[in-house]
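Trainee: The structure is given below, and queries will be raised subsequently.
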Amino acid sequence: QTGKSAPIGEMPDAGDAAKNRFVQELWPHAEAAGAELGVDPRTLIAHAALETGWGRHLPQGENGRPSHNYFGIKATAWNGASVEAGTTEFAGGVAHEHTARFRAYGSPGESFRDYVALIRDNPRYAGAKGTGADTASFARALQAGGYATDPDYAAKLARVASVLKFTPAAPISGNLET
């Protein structure tokens, strides 16, 4: 079913409508990535939503072009395009703001393909593969592998995923705050 979009639907709240557009735009990529990783596409949408604030906080280049980096992947040991952006990192449970370089992509599809390669090919994230609809297991595996420094990262990802109780035939609704 790859390539089918989750419909937006009529939503009374502009925030919900924007979030539904976010889901609709990314759904085909999440389906393809989920199939390759053995992970529910809703989990991947939740991950992108958490990392970008539902698309509102994508890292941008100096010219304002979006990076299409939906997963907060840094440009460490990366030879491709990159952008500089502010980020919050945790050390000893304390949040610190700083600037980092993030990978930049030409499209959402490129972002999802690189994300799949990162999760699929890095042994640190082996436990995230094949978790199906178990978002909590996926999130714990990412955190255990060092994907993020936030000590509450797995819980936050699971919380975002919990509001994505939709099917491709019905729009999302409810409290969609991250």
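The values are calculated or read from the model by the stated rules, or taken from the named source; none is laboratory data. Keep in mind it's a predicted model, so treat the numbers as computed, not measured. Using ideal geometry, Cβ is built from the backbone for each residue, glycine included, and neighbour counts are taken over all protein chains shown. Just the protein is used for accessible areas: all its heavy atoms, side chains included, with ligands, DNA and RNA removed. Shrake-Rupley method; radii C 1.70, N 1.55, O 1.52, S 1.80 Å.
Trainee: Spot the failing condition for P108; the list is (1) touching a Phe, Trp or Tyr at 6+ places or on another chain (Cβ under 8 Å); (2) within 14 Å of A33 (Cβ to Cβ); (3) open to solvent by 40 Å² or more (accessible area, probe 1.4 Å); (4) not hydrophobic (A, V, I, L, M, F, W, C), and only one is missed.
Mentor: (3)
Trainee: Still on this structure: How many residues are more than 17 Å from the chain's Cα centre (by Cα) and assigned to a strand (DSSP E or B) when one looks only at segment 49-85?
Mentor: The initial filter retains those residues of segment 49-85 that are more than 17 Å from the chain's Cα centre (by Cα), namely 61-65, 76-84.
Of the ones still in play, those that are also assigned to a strand (DSSP E or B) are 82-84.
Going through segment 49-85 one residue at a time, the tally reaches 3.
Trainee: Next up: Quick check on segment 47-94: of everything there that is open to solvent by 30 Å² or more (accessible area, probe 1.4 Å) and of a type in the set (F, W, Y), which residue is nearest to L37 (Cα to Cα)?
Mentor: Among those that are open to solvent by 30 Å² or more (accessible area, probe 1.4 Å) and of a type in the set (F, W, Y), it is W78.
Trainee: Now for a separate question. Can you tell me which residue in segment 114-154 is nearest to S67 (Cα to Cα), limited to those that are open to solvent by 60 Å² or more (accessible area, probe 1.4 Å) and of a type in the set (A, V, I, L, M, F, W, C)?
Mentor: Out of the qualifying residues, it is A144.
Trainee: Then there's this: Starting from segment 143-162, take each residue that is touching a residue at least 24 places away in the same chain (Cβ under 8 Å) and of a type in the set (A, V, I, L, M, F, W, C) and list its partners that are open to solvent by 60 Å² or more (accessible area, probe 1.4 Å) and part of a loop (DSSP other than H, G, I, E, B), counting only C-beta distances under 7 angstrom and pairs at least six apart or across chains.
Mentor: Pairs that qualify, where the first residue is touching a residue at least 24 places away in the same chain (Cβ under 8 Å) and of a type in the set (A, V, I, L, M, F, W, C) and the partner is open to solvent by 60 Å² or more (accessible area, probe 1.4 Å) and part of a loop (DSSP other than H, G, I, E, B), are V160/T178.
Trainee: On to the next question. So for segment 87-101 (the condition being at pLDDT below 95 and part of a loop (DSSP other than H, G, I, E, B)), does at least one residue qualify?
Mentor: Within segment 87-101 (the criterion being at pLDDT below 95 and part of a loop (DSSP other than H, G, I, E, B)), the answer is yes, since at least one residue qualifies.
Trainee: Right, something else. Does A141 meet the test of being in a helix (DSSP H, G or I), in contact with a helix residue (DSSP H, G or I) (Cβ under 9 Å, 6 or more places away or on another chain) and at pLDDT below 95?
Mentor: Values: in a helix (DSSP H, G or I): yes; in contact with a helix residue (DSSP H, G or I) (Cβ under 9 Å, 6 or more places away or on another chain): yes; at pLDDT below 95: no.
Answer is no for this residue.
Trainee: Given the conditions (1) open to solvent by less than 50 Å² (accessible area, probe 1.4 Å); (2) more than 19 Å from L50 (Cβ to Cβ), report the number of the one that R101 does not fulfil.
Mentor: (1)
Let's see how each residue does on (1) over 24 Å from S162 (Cβ atoms); (2) among the hydroxyl-bearing types (S, T, Y); (3) touching a helix residue (DSSP H, G or I) at 6+ places or on another chain (Cβ under 8 Å):
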residue: E25; (1), (2), (3): no, no, yes
residue: G34; (1), (2), (3): no, no, yes
residue: V39; (1), (2), (3): no, no, yes
residue: G53; (1), (2), (3): no, no, no
residue: L58; (1), (2), (3): no, no, yes
residue: E62; (1), (2), (3): yes, no, no
residue: P66; (1), (2), (3): yes, no, no
residue: Y70; (1), (2), (3): no, yes, yes
residue: A75; (1), (2), (3): yes, no, no
